[in-house]
1. Filter the stretch 344-369 for residues that are in contact (Cβ under 8 Å) with a residue 24 or more places away in the chain, open to solvent by 30 Å² or more (accessible area, probe 1.4 Å) and more than 24 Å from the chain's Cα centre (by Cα); which is farthest from ASP319 (Cα to Cα)?
2. Just checking, how many residues over the stretch 112-142 are buried (at least 22 other Cβ atoms within 10 Å of the Cβ) and within 12 Å of PRO265 (Cα to Cα)?
3. With among the polar types (S, T, N, Q), under 26 Å from LEU121 (Cα atoms) and free of Cβ contacts under 8 Å to residues at least 60 places away in the same chain as the only criterion, which of THR254, THR320 stands out?
4. What about PHE333, is it of a type outside the set (Lys, Arg), surrounded by 13 or more Cβ atoms within 10 Å (Cβ to Cβ) and in a strand (DSSP E or B)?
5. Test SER299 against the stated conditions and say whether it is farther than 15 Å from GLY110 by Cα, of a type in the set (Gly, Ala, Ser) and either part of a helix (DSSP H, G or I) or touching a helix residue (DSSP H, G or I) at 6+ places or on another chain (Cβ under 9 Å) (or both).
6. Report the residue count in the stretch 1-56 for those that are polar (S, T, N, Q), part of a loop (DSSP other than H, G, I, E, B) and either open to solvent by less than 70 Å² (accessible area, probe 1.4 Å) or farther than 19 Å from ASN355 by Cα (or both).
7. Checking the structure you have, find out if any residue of the stretch 22-36 is modelled with pLDDT under 95 and aromatic (Phe, Trp, Tyr).
Amino acid sequence: MTIFSLDELKSLVQNPQHPCVSLYLPVEKVGGETRQNPIRFKNLIREAENRLDEIGLRHAETVNLLKPVMELDNTDFWENQNHGLVIFTSPNLFHHYCLPISCPQLVVTGNNFHIKPLLNLINNDAKFYILALSQHHVKFYLGTRYQLNEVAVENMPHNLDETLLEDELQKGIQHRIGIPIGAASAAQHPGSVHGQGSPDREKHEEDILQFCYAVDSALHQKIRGEKTPLLLAGVEYLLPIYRQANTYPYLLETGIYGNAEILKPQELNHAAWEIVQPLFQQEYHNLIEVYLQLAGEKSRKIANDIKEIITAAYYQRVDTLFVPLKKYIWGKFDRQNVTVDLHSEPESDDEDMLNFAAIHTLLNGGKVYHLEPESILDGVSVAAIFRY
């Protein structure tokens, strides 16, 4: 099972086939409550059966649709869970995801999958890189809020000694073919470390700088052209030396200090998120400010009427959408007549119109944010910034 991501969401909702069933289950991980997980899971399935019966699905079709869901219920499945579980099934698709966050217990059937409870997870899908560096150890990671994965980098030096040996071999080749060693070295590694102390210390720092140039060169081939933040992790004296060699423009000033050889991935991930989270949150606050400014100008580029927002989202006008996670607005969107019919209680084949607006905003390249608290937008419970 993989952690849910924005790219995964888009692939799920792009070509829906009715009926789409979404099952959400909070999972207990410790203690006697873990025995309740399979029981609540079976209750979800029974509820899904009732919902499908209400929309007129034949019993045989219901059984066939929910069969892969029921087949999950075994000991191995429950022993490999996290804090939440979401299952999506339709006539042409079946996926389940182990979630690092809790979720409401929920069953929704409709024309598309119900993805709104995952917005917090999607918004925390912002990516960052970590370069864990020591003289004897180099590792490169791609991280998000909830996971950190090591990434292979072609030609990445493994340690300082290996780099120096390669450098000595290169010097020997240059000497044999008549290239001045000093000139070649200067061309390959512009700049040097000038510090106070003994010649041995200066030579060692220069060796480290050569090592950092080699690491940067390998990384340059891997991530050039990207804008993903990069953090350094390592002992304090090493990071400034690497910065001299760095050519990646999105290297953050703040680093993670510690011995990179003993820092665990979980520790790295936690420390990195503490640094990058404010950067990612700033975008949200900036957009809130944009909305408030446009509201003060009484601009037609914003809206807080759900009917107007639904139509705009469907026709690719919504650039940014703010929705509450714990609120539902049930109804239908008539694509042929471009009308929105809302109901105080869900009727057969109704869907959450907030979820509908979120799906079409994301599919059309917009951004969707969880709106909490509602007071941040003067009591508005749903809001949108339009492209035009």
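1. Among those residues, the one meeting the criterion is SER348.
2. 3
3. From the options THR254, THR320, the qualifying one is THR254.
4. Spelling it out, PHE333 is indeed of a type outside the set (Lys, Arg), surrounded by 13 or more Cβ atoms within 10 Å (Cβ to Cβ) and in a strand (DSSP E or B).
5. Taking the combined requirement at face value, the residue satisfies it.
6. The qualifying residues number 2.
7. No, every residue in the stretch 22-36 fails to be modelled with pLDDT under 95 and aromatic (Phe, Trp, Tyr).
Conditions tested, residue by residue: (1) in contact (Cβ under 8 Å) with a residue 24 or more places away in the chain; (2) outside any helix (DSSP H, G or I).
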site: ASP76; (1), (2): no, no
site: PHE88; (1), (2): yes, yes
site: TYR97; (1), (2): yes, yes
site: SER102; (1), (2): yes, yes
site: VAL108; (1), (2): yes, yes
site: ASN112; (1), (2): yes, yes
site: ILE130; (1), (2): yes, yes
site: MET156; (1), (2): yes, yes
site: LEU164; (1), (2): yes, no
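The values are calculated or read from the model by the stated rules, or taken from the named source; none is laboratory data. Every value quoted in this text rests on a predicted model; they were computed, and no experiment measured them. We place every Cβ from the backbone using ideal geometry, glycine too, and count neighbours over all the protein chains shown. Surface areas here come from the heavy atoms of the whole protein model, side chains and all, with no ligands, DNA or RNA. Shrake-Rupley method; radii C 1.70, N 1.55, O 1.52, S 1.80 Å.
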